[in-house]
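Novice: The structure that follows is given in the form of structure tokens.
The values are calculated or read from the model by the stated rules, or taken from the named source; none is laboratory data. Keep in mind it's a predicted model, so treat the numbers as computed, not measured. Glycine gets a Cβ as well: all are built from the backbone with ideal geometry, and neighbour counts include every protein chain shown. Just so you know, the surface numbers come from the protein's heavy atoms only, side chains and all, with ligands and any DNA or RNA stripped out. Shrake-Rupley method; radii C 1.70, N 1.55, O 1.52, S 1.80 Å.
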Amino acid sequence: MMHPTTQYAFDVLNTDYGDMCCELEKLACKRHLDDLKKADVPDFPYVFDETRANRIIEWYLICRHVRGPYAGQPIVLEPWQIFDHGCLYGWVRKDTGARRFSIAFNLRARGNVKSTENSADCLYSMCADAIYPPGRPDQARYEMSPEISCAAVDRQQAKRVWQDARAMGLASPDISQRLDIRKNSITHKNRDGWMLPLSKDLNNKDSGAETYVSIDEYHAWLVSEIKDTLYSGFGKRWQSLMSIISTAGLNAENNPCRKEQRHCEKILRGEIQDDSYFVMIRTLDPGDDPHDEKNWYKPNPILRQDTEYSRTLFRQIRAEHNGAYDSGDHQKIRTWLTKRVNVWQETAENKYMANCMEQFRALAIPPSDFVELTKDHEAYTGGDLAKKIDLTADGYVIPLRDGRFAVCGHGYMPESGVKRHRETDRVPYDMWAEAGWCTITPGEVTDYSYIEARMHQMESDNGWIIKELCFDPYQATHYMQEREKEGYTCVEIRQGHKTLSEPTKIFREYVMQGKIVHDGSPLMLWCFANAVEETDSNGNIKLSKKHKDDSQRIDVAAAIINAFCRALTHEFNDGTLFYAPD
């Protein structure tokens with residue numbers, strides 16, 4: 001007989017149950033089944049221990065619901081929860097018996113008991129988590145002085161998991177006899193240790209040795225310092241575990257949860273090998289109609305069982321859907337999409353790349369391949385040189401014979417600006433500079449000679465032939481005059497709607513058609529994700545920032561669009577035009 005964990009994976013992949021599951025959930029199930037086949041191979045270091053999986057499943061039966069219609073009743077895990085926990089706790093190392101996974105990422109919609117699970121898992125780590133050495137099931141080794149951190153973006157959210165764990169512990173005679181549960185503290189009666197809520201305060205956390213870390217609603221975190229610091233303390237315990245739980249959120253390009261999700265998707269698709277990371281992402285598939293109620297089961301696994309709670313939740317999701325879309329309020333619609341069907345949204349309804357940012361990201365190729373693809377081609381370079389005290393940028397657009405455009409960009413920031421942005425809005429220009437995506441210039445203002453030097457380097461290293469230099473004339477007149485003296489053709493790109501609208505619209509159309517290729521620059525992607533669409537009375541558009549003094553810059557995107565204006569007129573050596581409008 002299959003273990004329930006394995007049975008669930010089999011059903012998802014081989015029965016009609018899988019119709020309620022998204023591609024990423026199916027990939028997680030396939031990963032489990034594939035690893036089971038590998039377990040008998042001598043050099044595969046992990047084995048699925050059904051006893052360890054059963055241990056966490058049985059633990060939930062002594063935990064009690066603390067709110068809602070089931071308050072006071074034992075928690076009985078549903079099949080999808082059994083799979084998640086069975087995998088996370090059942091896979092162990094063959095040599096030591098220690099748990100395989102040290103980090104878990106679990107994304108699903110609101111109302112699917114994420115925080116309840118983390119509260120119960122915190123208590124498990126305090127009371128029952130142990131290593132069983134291979135061949136010695138009677139020799140359980142418990143961690144002395146367990147340290148459990150309930151971390152969130154603010155203390156109130158952090159205390160939510162902690163307070164639920166406290167209430168669970170008090171409601172269970174089995175748990176309460178093991179723990180000393182007080183108003184503001186939870187400790188183990190025999191092994192000491194503690195469970196604490198934790199928010200933004202990082203003081204003294206470098207010396208921690210957590211056994212379990214709950215990262216709650218990660219989408220709301222602006223930076224990842226707390227998570228990274230806590231994770232850096234791992235290695236001091238036998239089998240530390242970090243559990244990241246969240247719904248989707250607003251798609252800020254530097255949102256740490258969004259970055260983590262992209263990394264996790266690569267693990268599920270086999271693009272990255274990380275045997276220490278458990279991943280479960282439940283969301284809509286690309287192309288799914290969010291108005292089709294059958295699709296709501298994918299991000300809301302709790303709807304798959306017919307219970308009083310699931311029926312009530314389904315009615316609530318439907319009511320919120322109808323209210324949001326009937327109102328036409330973009331904010332309500334974005335909230336419903338993120339919280340109820342787990343789909344990331346832009347922060348504003350008029351984001352330039354609102355419907356194709358992920359498509360744009362997927363058009364990236366490795367930088368070395370980008371250089372090889374564009375070597376010895378003619379290129380158009382665009383500039384956005386308006387602010388010498390902030391980000392300045394250049395962009396390159398290279399027409400390719402196969403009908404695509406290759407684009408890339410680079411930023412320039414004075415060192416004083418880097419320090420200011422790192423402290424105020426956490427934009428990582430210093431990290432981008434270390435990776436080669438931007439250049440930090442000395443002093444208080446950007447030295448334009450660095451832009452000139454890099455252009456010459458691109459010509460030399462890549463064999464690019466600079467066809468035209470395309471600049472916003474504002475504050476760039478002297479720079480353009482100096483380049484003309486060197487023999488370059490310089491073209492002014494007026495920054496009005498009339499000049500920019502057609503190339504701005506065509507660029508986005510080409511992204512959606514897969515006719516753009518780029519080098520994956522995170523700075524460039526960030527700038528495009530920040531850009532909003534400014535529309536005049538005639539429906540013409542151009543790129544803009546959300547606010548005049550917004551730190552979410554668009555300069556690299558603006559530079560690329562400037563170059564794209566002229567690249568659309570490109571004529572190859574044989575006289576053929578690159579672009580011929582319909």
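Novice: Residues of the range 181-308: accessible area per residue at 1.4 Å, in Å²?
Specialist: 44 Å²
Novice: Multiply the residue separation of LYS38 and GLU502 by 0.36 nm, subtract the distance between their alpha-carbon atoms, and state the gained length in nm to one decimal.
Specialist: Values: separation 464, 0.36 × 464 = 167.04 nm, distance 5.45 nm.
The LYS38-GLU502 span can extend by a further 161.6 nm.
Novice: What does the charge add up to near ARG566, with Lys and Arg as +1, Asp and Glu as -1, over the other residues with Cβ less than 12 Å from its Cβ? Don't skip to the answer; put the middle values down first.
Specialist: Working: positive: LYS467; negative: GLU378, GLU468, GLU492, GLU571.
My count for the surroundings of ARG566 gives -3.
Novice: What nm distance separates the two modelled labels at ASN350 and SER176, each placed 7 Å from Cα along Cα→Cβ?
Specialist: So the two model labels end up 5.8 nm from each other.
Novice: Distance between Cα centroids, the range 292-324 to the range 102-181: provide it in whole Å.
Specialist: Each part's Cα centre sits 28 Å from the other's.
Novice: Round to the nearest 0.05 the FRET efficiency obtained for ALA220 and GLU484 when R0 = 51 Å and r is the Cβ-Cβ distance.
Specialist: Taking R0 as 51 Å, the efficiency between ALA220 and GLU484 is 0.50.
Novice: At 0.36 nm per residue, minus the direct Cα-Cα distance, what do ALA319 and GLU50 gain on full extension? Give it in nm, one decimal, please.
Specialist: Details: separation 269, 0.36 × 269 = 96.84 nm, distance 4.14 nm.
Extra length from ALA319 to GLU50 when fully extended: 92.7 nm.
Novice: Here is a further query. Among (1) 41, 29, 20; (2) 50, 25, 23; (3) 39, 33, 25, which is the computed semi-axes √(5λ) of the Cα gyration tensor in Å?
Specialist: (2)
Novice: Let me ask something else about it. With axes computed from alpha carbons, what is the tilt in degrees of helix 308-327 against the longest principal axis of the chain, rounded to the nearest 10 within 0 to 90?
Specialist: Computed tilt is about 20 degrees.
Novice: Enumerate by residue number the GluC sites (Glu not before Pro) in the range 445-543 meeting two conditions: DSSP loop (anything except H, G, I, E, B), and at most 16 other Cβ atoms within 10 Å of the site's Cβ.
Specialist: GLU486
Novice: Please list, in chain and number order, the residues 5+ apart from VAL491 or on another chain whose amide H is under 5 Å from its amide H, with Hs placed from the backbone.
Specialist: Those qualifying (amide H under 5 Å, at least 5 residues apart or on another chain) are LEU469, CYS470, PHE471.
Novice: Over the chain, what is the percentage of antiparallel beta bridges among all DSSP beta bridges, to the nearest 5?
Specialist: 40 percent
Novice: Still on this structure, please answer the following. Give me the 1.4 Å probe accessible area per residue for the range 318-437, excluding ligands and nucleic acids, in Å².
Specialist: 43 Å²
Novice: Next question. Given a 1.4 Å probe and every protein chain left where it sits, what share in percent of the accessible area of the range 211-320 is carbon and sulfur?
Specialist: 50 percent
Novice: Using R₀ = 60 Å, calculate the FRET efficiency as 1/(1 + (r/R₀)^6) where r is the Cβ-Cβ separation of MET1 and SER449; round to 0.05. Before the final figure, lay out the partial values.
Specialist: Working: r = 73 Å, r/R0 = 1.22.
Plugging the Cβ-Cβ distance into 1/(1 + (r/R0)^6) gives 0.25.
Novice: Out of the trypsin sites (Lys or Arg not before Pro) in the range 61-109, which ones are loop residues according to DSSP with at most 15 other C-beta atoms within 10 Å?
Specialist: Values: sites: ARG64, ARG67, ARG93, LYS94, ARG99, ARG100, ARG108; in loops: ARG67, LYS94, ARG100, ARG108.
Here the sparse-neighbourhood loop sites are ARG67, LYS94.
Novice: Next question. Below 8 Å between Cα atoms, with a sequence gap of 6+, how large is the relative contact order for the chain in percent? Present the calculation step by step, with values, prior to reporting the outcome.
Specialist: Values: 1096 pairs, mean separation 71.6, N = 582.
Averaging sequence separation for qualifying contacts and normalising by length gives 12 percent for the chain.
Novice: What trypsin sites (Lys or Arg not before Pro) does the range 339-420 have in DSSP loop regions with at most 12 other beta carbons within 10 Å?
Specialist: Of the trypsin sites (Lys or Arg not before Pro), the ones in loops of the range 339-420 whose Cβ has at most 12 other Cβ atoms within 10 Å are LYS375, ARG401.
Novice: Ok, one more. If you roll a 1.4 angstrom probe over the protein chains with everything in place, what fraction of the accessible area of the range 33-103 belongs to carbon and sulfur, to the nearest %?
Specialist: Of the solvent-accessible surface of the range 33-103, carbon and sulfur hold 55 percent.
Novice: Could you check the simple spin-label distance between LYS259 and THR229, using points 7 Å along Cα→Cβ, in nm with one decimal?
Specialist: Calculated label separation equals 1.7 nm.
Novice: Between helix 415-424 and the chain, what is the angle of the helix's C-alpha long axis to the longest principal axis, kept within 0 to 90° and rounded to the nearest 10?
Specialist: Long axis of 415-424 versus the principal axis of the chain: about 40 degrees.
Novice: Using a simple spin-label model with points 7 Å from Cα along the Cα→Cβ vector, what separation in nm is obtained for LEU196 and ALA362?
Specialist: Placing both labels 7 Å along Cα→Cβ, they lie 4.4 nm apart.
Novice: Where the accessible area of the range 474-537 is counted over protein heavy atoms with a 1.4 Å probe, how much of it, in %, is carbon and sulfur?
Specialist: Heavy-atom surface of the range 474-537 belonging to carbon and sulfur, 1.4 Å probe: 45 percent.
Novice: Here is a further query. How large is the accessible surface per residue of the range 61-115, computed with a 1.4 Å probe and reported in Å² as a whole number? Could the numbers behind the result be given before it?
Specialist: Details: 1790 Å² over 55 residues.
Ligands and nucleic acids excluded, the result is 33 Å² per residue.
Novice: Where does helix 497-512 land angle-wise versus the long Cα axis of the chain, in degrees 0 to 90, nearest 10?
Specialist: Tilt of helix 497-512: around 50 degrees.
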